[in-house]
Each structure stands twice: as C-alpha cells, then as structure tokens.
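Every number here is computed from the coordinates shown, using simple stated rules; none is lab data. As the structure is a prediction and not an experimental result, all values here were calculated from the model. Cβ coordinates were reconstructed from backbone atoms using ideal geometry, including for glycine residues, and neighbour counts include every protein chain displayed.
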Amino acid sequence: MTSATTDGPLPLDAIDLRLLDELQRDASRSNQALAEAVHVSPATALRRQRRLQEAGVIERTVAVLSPEALGHGLSAVVEITLDAQGAERIVAFEARAAADAGVQQCYRTSGGPDFVLIVQVADMAAYQALAQRLFNSDANVRNVRCFFSVHRAKAGLAVSLPAPRG
C-alpha cells in the first residue's frame with residue numbers, strides 16, 4: 001500500500017470507490033448501514049475506511065451546516081492581490097486568512113489575483129470587520145475585489161471519483 005501523501009495516490013479498487021462515493025453522499029450513517037450500501041461486511045467497510053483515512057484520502061469527516069439557519073447569510077468571493085509576492089509574505093497572508101473564522105476557503109492562485117477567498121459572515125458589518133482585519137490592516141494587500149452572492153445554487157466539496165480499474 002502506498003501513501004496518498006508520500007508515494008503517490010493510493011491504489012483504489014471498486015469497493016474503495018463505492019465506499020468513498022457513499023461517504024461523500026452521507027458520512028453520518030452507521031458502519032453497518034455503510035457496509036450494506038457498499039455490499040461488504042461491516043468489518044471490511046471499517047477496515048477500508050480506516051485505511052483511506054490513514055492514507056490521507058479521507059481528510060476529515062464534518063457536518064455541513066446551513067449558514068442562513070445560523071445567521072451567517074452573507075457569502076462573498078474575494079480576490080486578493082498582494083503588493084509583494086515574496087514567499088514569506090504570501091505564507092503570512094495565507095496563514096492569517098486561513099485562521100480567520102469568516103474565511104471558509106482560501107486558495108492561492110496564479111494567472112490573476114494571488115488569493116481567492118470564500119467568505120461566509122453574518123452581514124455587511126461582519127464583512128467590514130473581516131476586511132479591516134485581513135485586508136485594510138495589511139500594508140502588503142494591494143487590491144481587493146469582492147463579489148457578494150445573491151443566490152447559492154450549489155455548495156459542496158464532493159470530488160469526482162475515477163472509474164474502477166479492471
């Protein structure tokens with residue numbers, strides 16, 4: 001077995017792929033229910049799920065919450081361009097952005113802005129506070145473009161799975 005983080009991708013067979021597909025659909029099911037959905041024994045399902053976690057294929061298991069139900073109804077996509085792109089400055093901005101509770105996703109990008117952030121906050125006042133913390137107080141932030149969402153058509157993190165080999 002190879003590690004997904006050190007020796008290249010972990011070889012995945014049809015059972016692994018069915019298991020990953022089912023987990024992406026609903027990871028809250030019991031091991032028994034998951035095993036039934038994949039058509040394997042509970043011991044096999046558990047052993048394979050642990051192997052996939054240890055190899056880094058499954059990064060973590062979380063609950064997906066409704067931002068609106070929790071009073072976080074303002075979503076934004078924010079493009080950030082830094083004034084200086086030295087490695088130390090990029091890493092410093094990335095660490096601050098990733099640590100902020102209002103930032104759901106942080107991507108270092110090329111061919112345009114230096115970063116793209118997905119932000120989820122309560123309202124415009126909360127966005128302005130985030131902007132002050134992350135953008136206005138950082139002399140290295142040259143440009144900020146923000147796009148506020150008016151409707152969320154899809155929100156997900158599912159990864160397309162390859163076809164089984166064989």
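Could you compute the FRET efficiency for Glu79 and Ser28, with r as their C-beta to C-beta distance and R0 at 30 Å, rounded to 0.05? That gives a FRET efficiency of 0.30. So, R0 is 22 Å and r is the distance between the beta-carbons of Ala14 and Glu54; what FRET efficiency does that work out to, to 0.05? Taking R0 as 22 Å, the efficiency between Ala14 and Glu54 is 0.60.
Charge dipole of the range 1-135 (Cα centre as origin; +1 on each Lys and Arg Cβ, -1 on each Asp and Glu Cβ, all else neutral): 340 debye, rounded to the nearest 20. Estimated translational diffusion coefficient (Stokes-Einstein, Kirkwood radius over Cα pairs, 10 °C, 1.306 mPa s) of the chain: 85 µm² per second. Spin-label pair Ala69-Leu161: with each label point 7 Å from Cα along the Cα-Cβ axis, the two points sit 2.6 nm from one another. Using just its DSSP H runs of length 4 or more, each adding -39500 (n - 2.57), the chain gives a mean residue ellipticity at 222 nm of -10000 deg cm²/dmol after division by all residues. Residue by residue, the range 131-136 carries 3J(HN,Hα) couplings of 4, 5, 5, 9, 10, 5 Hz when phi is fed to the Karplus relation 6.51 cos²θ - 1.76 cosθ + 1.60 (θ = phi - 60°); x denotes Gly or Pro.
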